[in-house]
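Undergrad: Have a look at this one.
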Amino acid sequence: MSELKANPIFNPKWDDNVGARTIIKWNATGLFQLNATKYSWAKSLYQVMVGNFWLPEKVSGLWDDATQFNSALSDDERRAYKWILSFLIFLDSIQTVNLPNFNEYITAPEVNLILSIQAYQEAIHSQSYATILETVVDAKDRDEIYYFWRTDSHLLERNEYIGSIYQNFIDKPNDENFFKWVVWNFLLESIYFYNGFAFFDTLADSWKMIATDRMINYIRRDELTHVTIFANIIKEIRVEFPDIYNEKTIVEMMWVAVDQEIKWSKHILWKSIIWMGHENIENYTKWLANGRLDMLWIKPLYPDVTQNPYKHLDRLQDNNSERWNFFESTVTNYAQSSAMNGSWEF
């Protein structure tokens with residue numbers, strides 16, 4: 001098996017033979033030859049991701065949220081609102097920095113392309129959180145939200161653990177650390193955001209902080225494409241590099257991610273917040289983990305958890321509901337026809 005190494009900027013002594021190409025460890029030229037590509041799932045994701053283009057400045061109603069933040073939220077809801085944002089800010093910040101490093105080891109230009117779009121989207125998410133803070137939260141509280149990990153040991157522990165997985169590979173770029181790096185990208189995108197997202201949906205279900213939830217829904221729409229990217233990369237490694245693929249590693253890392261997400265969510269979402277009881281948090285996280293593992297053809301870790309306990313969110317997720325139509329009526333979708341016409345020969 002060849003050595004894992006970062007891609008050279010230009011490799012004129014090699015070629016871009018599609019038939020021989022692999023997701024990693026291929027000696028590509030460095031040219032973005034996008035008329036001859038191998039991974040068809042990247043074509044679909046490219047079209048979706050470009051079609052999802054949006055800007056936080058185009059989301060209206062945040063000034064209404066600013067009024068509600070002080071008048072309609074309970075103390076516990078305001079607390080959760082701020083500290084959930086703190087964690088989401090960290091997640092998108094570290095992904096913005098991490099993805100270019102990761103992309104250096106992917107040797108398929110069509111996959112390089114969608115990872116570059118993902119990095120751009122993570123930066124947009126960071127700008128979205130800044131827009132929310134600038135509009136909704138008092139200026140004196142903003143630094144406290146950004147740096148909440150300095151005073152909250154639970155958040156510091158989570159952030160340090162996530163950072164260590166990525167840093168371990170940068171410091172020691174071998175096959176084992178790379179696979180953990182891939183898996184952790186998948187877990188971060190598929191587990192860590194979602195109790196926080198559910199909190200904002202819960203507020204919106206009670207007609208609170210509607211604009212914030214609208215922005216969160218744009219972000220979640222992006223994150224679901226990111227989950228799909230890394231699920232596909234893991235499955236390609238399973239087929240092309242069975243010596244690197246390790247299902248036991250995936251399962252063990254999922255256990256850690258679920259445990260961390262449950263502990264953090266219980267810490268930040270107090271029982272007084274309607275619908276967000278600790279039993280629901282635990283079951284929702286386990287239900288989510290089962291679904292994410294199914295994407296990787298791995299049996300569920302929690303076979304007894306078969307349903308989403310957040311039943312109140314069905315009203316937001318039912319395409320035929322009046323409430324969903326309210327949210328969707330304000331969506332601005334910047335679909336670019338040149339990117340959506342399927343003109344590439346993937």
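Undergrad: Filter region 244-262 down to the residues that are farther than 16 Å from I298 by Cβ and surrounded by fewer than 16 Cβ atoms within 10 Å (Cβ to Cβ) and list them by number.
TA: Of everything in region 244-262, just one residue is farther than 16 Å from I298 by Cβ and surrounded by fewer than 16 Cβ atoms within 10 Å (Cβ to Cβ), namely D259.
Undergrad: Run down I162, I170 and say which single residue is surrounded by 19 or more Cβ atoms within 10 Å (Cβ to Cβ), touching a helix residue (DSSP H, G or I) at 6+ places or on another chain (Cβ under 8 Å), part of a helix (DSSP H, G or I) and at pLDDT below 95.
TA: After ruling out the rest, the residue left standing is I162.
Undergrad: So in region 242-262, with the set limited to residues that are touching a residue at least 24 places away in the same chain (Cβ under 8 Å) and in a loop (DSSP other than H, G, I, E, B), which one is farthest from the chain's Cα centre (by Cα)?
TA: Taking the candidates together, the pick is D243.
Undergrad: Something else: Six or more apart or on different chains, Cβ atoms under 7 Å: show the pairs whose first residue is in region 151-175 and under 16 Å from D92 (Cβ atoms) and whose second is among the small types (G, A, S).
TA: Partner pairs satisfying both residue conditions: L155/S86.
Undergrad: Farther than 19 Å from A231 by Cα and in a loop (DSSP other than H, G, I, E, B): is that true of L88 in this structure?
TA: Against the criterion (farther than 19 Å from A231 by Cα and in a loop (DSSP other than H, G, I, E, B)), L88 does not qualify.
Undergrad: Right, another one. Of W54, W83, which residue is in a loop (DSSP other than H, G, I, E, B), farther than 23 Å from F186 by Cβ and among the aromatic types (F, W, Y)? Let's see the steps before the verdict.
TA: On the way: W83 fails: in a loop (DSSP other than H, G, I, E, B).
Going through W54, W83 in turn, the sole match is W54.
Undergrad: Name the pairs whose Cβ atoms lie under 9 Å apart, with the first residue in region 29-45 and within 20 Å of F230 (Cα to Cα) and of a type in the set (A, V, I, L, M, F, W, C), the second in a loop (DSSP other than H, G, I, E, B) and modelled with pLDDT of 80 or more, and 6 or more positions between them or separate chains?
TA: Matching pairs, first to second residue: A42/A108.
Undergrad: Would you pick out the residues in region 137-152 that are assigned to a helix (DSSP H, G or I) and either in contact with a strand residue (DSSP E or B) (Cβ under 7 Å, 6 or more places away or on another chain) or polar (S, T, N, Q) (or both)?
TA: If the condition is that a residue be assigned to a helix (DSSP H, G or I) and either in contact with a strand residue (DSSP E or B) (Cβ under 7 Å, 6 or more places away or on another chain) or polar (S, T, N, Q) (or both), then no residue fits.
Undergrad: Turning to a different aspect of this structure: Taking the residues in region 203-243 that are under 15 Å from A108 (Cβ atoms) and among the charged types (D, E, K, R) as candidates, determine which candidate is surrounded by the most Cβ atoms within 10 Å (Cβ to Cβ). Break it down into steps so the answer makes sense when it comes.
TA: Pass one, region 203-243, residues under 15 Å from A108 (Cβ atoms): 229-230, 232-237, 239-241.
Retained after the next criterion (residues that are among the charged types (D, E, K, R)): 235-236, 240.
Values: K235: 16, E236: 21, E240: 15.
Among them, the one singled out is E236.
The values are calculated or read from the model by the stated rules, or taken from the named source; none is laboratory data. In this text, all values refer to a predicted model and were calculated from it rather than measured experimentally. We place every Cβ from the backbone using ideal geometry, glycine too, and count neighbours over all the protein chains shown.
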